[in-house]
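Asks: Questions regarding the structure given below will be posed in turn.
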Amino acid sequence: MKLHTVFFPICCVVFGSCSTPAHKEAKSDAAPAPVYFKIDPATAGTLAGVVRFKGAKPHPKPVDMTSDPACVDAHHGKPHDESLVVDAKGDLANVFIYVKSGLEGRKFETPSDPVTIDQQGCWFEPRIAGIQVGQTLKVVNSDPVTHNIHPMAEVNRAWNHSQGAGDPPISRKFLKPEIMIPVKCNIHSWMHAYIGVLDHPYFAVSGNDGKFRISNLPPGDYVVEAWQEKLGTQQQKITIPPSGAVETAFTFKGE
Amino acid sequence: MEGGQTAVISAATALRTPRAQAQATKPARCKRVLHFVFPVIAAIASAGCGQQAPPQSDRPIGKIITIEAPLGLPPIPVPADDPETAEGVELGRRLFYERRLSAGNVLSCASCHNPQLCFTDGQKHSTGFQGKTGTRNAPTVMNAAYFPYQFWDGRAASLEDQAAGPIANPVEMNQTHDISVSKLNADPSYRAAFEKAFGPGRITINRVEKAIASFERTLISGDSPFDRYQFGGDKTALSPAAIRGLAIFRDQSKGNCAACHTIGQNYALFTDGKFHNIGVGVDGEGNLVDQGRYSETKLDPDRGAFKTPTLRNVALTAPYMHDGSLKTLRDVVDFYAGGGNSNPYLDPKTREIKLSAQDRADLVEFLQSLTGKLPADAGPPAETRTEQSE
């Protein structure tokens with residue numbers, strides 16, 4: 001036992017002296033602090049638009065939560081399937097719209113605010129979320145039951161985490177862009193959400209009126225993609241002129 | 001009669017030369033075999049072998065008694081060098097409730113292993129000396145005699161090895177063994193009780209450990225509704241929901257709980273005595289908060305692995321898990337139903353668990369049927385009650 005204490009400092013000295021030069025080299029090799037792309041507010045433009053649905057109006061199926069009575073109580077109102085949400089005028093909600101290409105070579109700062117997914121009424125709120133690489137995803141459980149959120153990532157590492165009633169929020173990050181990560185609850189089979197991870201801030205989710213807006217976009221030529229969980233994707237080429245406000249529309253056809 | 005026997009044994013011991021005594025004690029110490037199904041780590045017990053023979057024997061001298069195992073439990077393993085005697089058990093019981101074993105005479109073993117809470121403390125993490133809290137939940141001492149390892153990470157091999165730990169632990173009772181021994185020495189009634197149990201000689205920490213362990217071996221609880229159903233032939237002892245729960249508990253394609261919380265042919269300990277990472281103690285970012293068994297073995301697969309606890313009396317021992325993170329049995333079952341928390345060292349067995357909502361309700365019902373009969377003489381002895389009011 002005594003020997004260890006004697007040897008230890010000696011080891012340290014040996015290693016210490018050996019590693020000094022290596023350390024220096026490593027330092028000169030190190031990547032410089034990231035230079036973030038500066039968006040010029042004088043020239044940045046906006047892409048706004050609407051997503052429409054064409055076809056027979058879907059009839060969302062009721063979701064049966066009776067296997068967990070606490071969920072029935074926690075979910076105010078009758079839950080219905082939200083995989084295809086169309087309003088009376090044919091506007092399509094919950095479509096993820098994002099810049100797919102045209103921003104290459106630019107590095108954008110990671111926002112310090114987290115993106116929050118709440119488990120409320122045995123439902124994920126929101127259903128569709130966009131987040132930047134390295135940004136914090138905060139998962140909250142507002143329910144009186146245990147949830148086990150499970151983002152089934154393929155590019156990023158998949159994980160799942162148990163969260164009992166009253167447990168503190170959990171914080172996670174995704175380290176690579178991935179469109180889209182399906183999220184389920186390992187306990188409540190009807191709970192679904194999707195997370196889009198991007199290395200830039202140019203994404204939006206269409207609202208109940210089908211509308212979306214991506215602002216502060218540098219002028220340039222882009223491919224913009226709209227993603228819907230059941231209907232797939234559509235792409236458009238969009239040019240944003242300096243200070244331009246471009247309007248567009250996506251139309252998805254039902255089966 | 002017993003007194004006479006005592007005299008004979010201690011006379012014989014006194015006649016032996018230290019060397020002869022060393023030879024006599026050596027095999028017993030080295031083997032210290034628990035006659036039991038679990039593999040026993042002889043290495044730990046052998047630590048004292050090469051040393052000089054102790055100047056006095058710390059072996060209990062009284063008439064050896066047998067503690068009957070209740071329905072559903074196997075014979076109680078007793079180490080060869082610490083046989084059960086009435087005097088040893090009585091002394092151990094007194095020591096278990098003895099606050100003088102702590103700095104400031106404030107805490108006894110029972111402060112955290114309270115008989116009213118089936119020898120737990122009902123807290124997430126125990127409160128020790130001056131309100132200090134550890135990071136682990138106090139497990140029950142009930143049936144601990146059967147465990148091949150003590151503590152969540154198994155760092156003690158026997159009850160004897162375990163007993164002295166909390167006394168000196170700064171966040172527990174925080175008192176050096178010398179002070180503990182001298183406090184006991186100052187009390188003539190303790191001097192008499194130790195001599196009665198171990199023969200003439202000083203009070204030593206070794207004797208303290210052995211007496212406490214002897215008492216702990218009487219803290220055995222079986223004969224639960226489950227035992228009466230499973231081993232006693234009483235098919236009415238369990239409710240239909242609990243019977244369904246038992247089936248789910250054993251079904252490999254559903255709960256698969258018995259893979260680790262073992263149920264045997266003739267008895268059930270509800271533990272395999274092994275260590276598993278079931279995904280408890282993973283922080284929000286996915287990192288293991290407590291390395292568990294790894295801190296003992298330094299083997300990667302042991303990261304985040306903890307001893308499978310018995311589930312006997314589990315309805316009385318909330319909160320649950322090594323970190324006390326789950327408040328109710330329902331929470332525990334939901335934790336398993338969801339697959340726990342992912343981490344690189346998760347035991348694959350936990351991933352196979354599939355539980356419907358009905359299964360979960362039935363499992364909770366079953367876990368509630370594991371509350372057994374408690375032994376009669378487990379509470380504080382009459383004399384300690386008066387001393388504690390000093």
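Coordinate-derived values only; no laboratory data. Note that the structure is predicted; figures quoted are calculated from it, not measured. Here Cβ is always computed from backbone atoms with ideal geometry, including for glycine, and neighbour counts include all displayed protein chains.
Asks: Please quote Rg/Rh for the stretch A:45-253 to two decimal places, taking the Kirkwood radius as Rh and restricting both calculations to Cα atoms.
Replies: That ratio is 0.98, to two decimals.
Asks: Mind listing which trypsin sites (Lys or Arg not before Pro) in the stretch B:188-296 are in a DSSP loop and have 14 or fewer other Cβ atoms within 10 Å? All intermediate terms of the calculation are to be shown ahead of the outcome.
Replies: On the way: sites: B:191, B:196, B:202, B:207, B:210, B:217, B:228, B:235, B:244, B:250, B:254, B:274, B:293; in loops: B:202, B:217, B:235, B:254, B:274, B:293.
When the trypsin sites (Lys or Arg not before Pro) of the stretch B:188-296 are filtered for loop state and at most 14 Cβ neighbours within 10 Å, B:202, B:235 remain.
Asks: OK, next. Estimate the FRET efficiency between residue A:33 and residue A:138 by the formula 1/(1 + (r/R0)^6), using the beta-carbon distance for r and 45 Å for R0, to the nearest 0.05.
Replies: 0.95
Asks: Run the simple label-point estimate for residue A:46 and residue A:233 please: 7 Å along Cα→C-beta, distance reported in nm.
Replies: Using points 7 Å along Cα→Cβ, the separation is 2.7 nm.
Asks: To the nearest 20 Debye, how big is the dipole of chain A about its Cα centre, given +1 on the beta carbon of each Lys and Arg and -1 on that of each Asp and Glu?
Replies: 460 debye
Asks: Please list B:303-310, A:109-116 highest first by mean number of surrounding beta-carbon atoms within 10 Å per residue.
Replies: B:303-310, A:109-116
Asks: Another question, then. Go through the stretch B:309-326 residue by residue and turn each phi into a ³J(HN,Hα) via Karplus (6.51, -1.76, 1.60, θ = phi - 60°); whole Hz please, and just put x for glycine and proline.
Replies: 3J(HN,Hα) across the stretch B:309-326, in whole Hz: x, 5, 10, 4, 6, 5, 5, 9, 10, 5, x, 10, 6, 4, 10, x, 7, 10.
Asks: Find the Cα radius of gyration of the stretch B:226-333, compare it with 2.2 N^0.38 Å by division, and give the number to two decimals.
Replies: 1.21
Asks: How many nm is it between the label spots at residue A:61 and residue A:106, if each spot is 7 Å from the Cα in line with the beta carbon?
Replies: Result for the modelled spin labels: 4.3 nm.
Asks: Using a Gaussian network model of chain A with C-alpha springs under 10 Å, which one of A:225, A:104, A:82 is most mobile by mean-square fluctuation?
Replies: The residue that fluctuates most here is A:104.
Asks: Using the scaling law 2.2 N^0.38 Å as the reference, what is the normalised Cα Rg of the protein assembly as shown?
Replies: 1.26
Asks: I need the calculated FRET efficiency for the pair residue B:373 and residue B:247, taking r as the beta carbon distance and R₀ as 41 Å, to the nearest 0.05.
Replies: 0.95
Asks: Where does the protein assembly as shown land at 222 nm, in deg cm²/dmol rounded to the nearest 500, when only DSSP H runs of n ≥ 4 count, each adding -39500 (n - 2.57), divided by all residues?
Replies: It comes out at -8000 deg cm²/dmol, rounded to the nearest 500.
Asks: With respect to the cross-link table entries A:54/A:138; A:61/A:211; B:254/B:298; B:124/B:210; B:124/B:354, which display a Cα-Cα separation exceeding 31 Å?
Replies: In this structure, A:54/A:138; B:254/B:298 exceed 31 Å between Cα atoms.
Asks: Further, regarding this structure: Could you work out the mean projected area of the convex hull around the alpha carbons of the stretch B:74-141, in square nanometres to one decimal?
Replies: Taking the Cα atoms of the stretch B:74-141, their convex hull projects to 6.1 nm² on average.
Asks: So if I restrict to the alpha-carbon atoms in the stretch A:153-195, what is the Rg, and what is Dmax, the biggest pairwise distance, in Å?
Replies: My reading of the Cα-based Rg and Dmax gives 11.6, 31 Å.
Asks: In addition: In what sequence do A:37, B:249, B:231 fall when counting other Cβ within 10 Å, fewest first? Don't skip to the answer; put the middle values down first.
Replies: Working: A:37 12, B:249 24, B:231 19.
Neighbour counts put them in this order, fewest first: A:37, B:231, B:249.
Asks: Starting with the highest mean, order B:356-362, A:69-75 by the number of other Cβ atoms within 10 Å, averaged over the residues of each peptide. Working shown, then result.
Replies: Numbers: B:356-362: 18.6, A:69-75: 16.4.
Ranking the peptides B:356-362, A:69-75 by packing returns B:356-362, A:69-75.
Asks: Another question, then. What average number of partner chain Cβ atoms lie no more than 10 Å from the Cβ of the residues making up B:328-338?
Replies: Across B:328-338, the average partner-chain Cβ count within 10 Å equals 5.
Asks: Mind pulling up the Rg/Rh value for the stretch B:83-239? Radius of gyration and Kirkwood radius, both on Cα. List each step's numbers first, then the result.
Replies: Working: Rg = 17.1 Å, Rh = 16.6 Å.
Checking Rg against Rh, the ratio lands at 1.03.
Asks: Let me ask something else about it. For a quick size check, give me the Cα extents of the stretch A:150-255 along its three principal axes, largest first, whole Å.
Replies: 49, 34, 26
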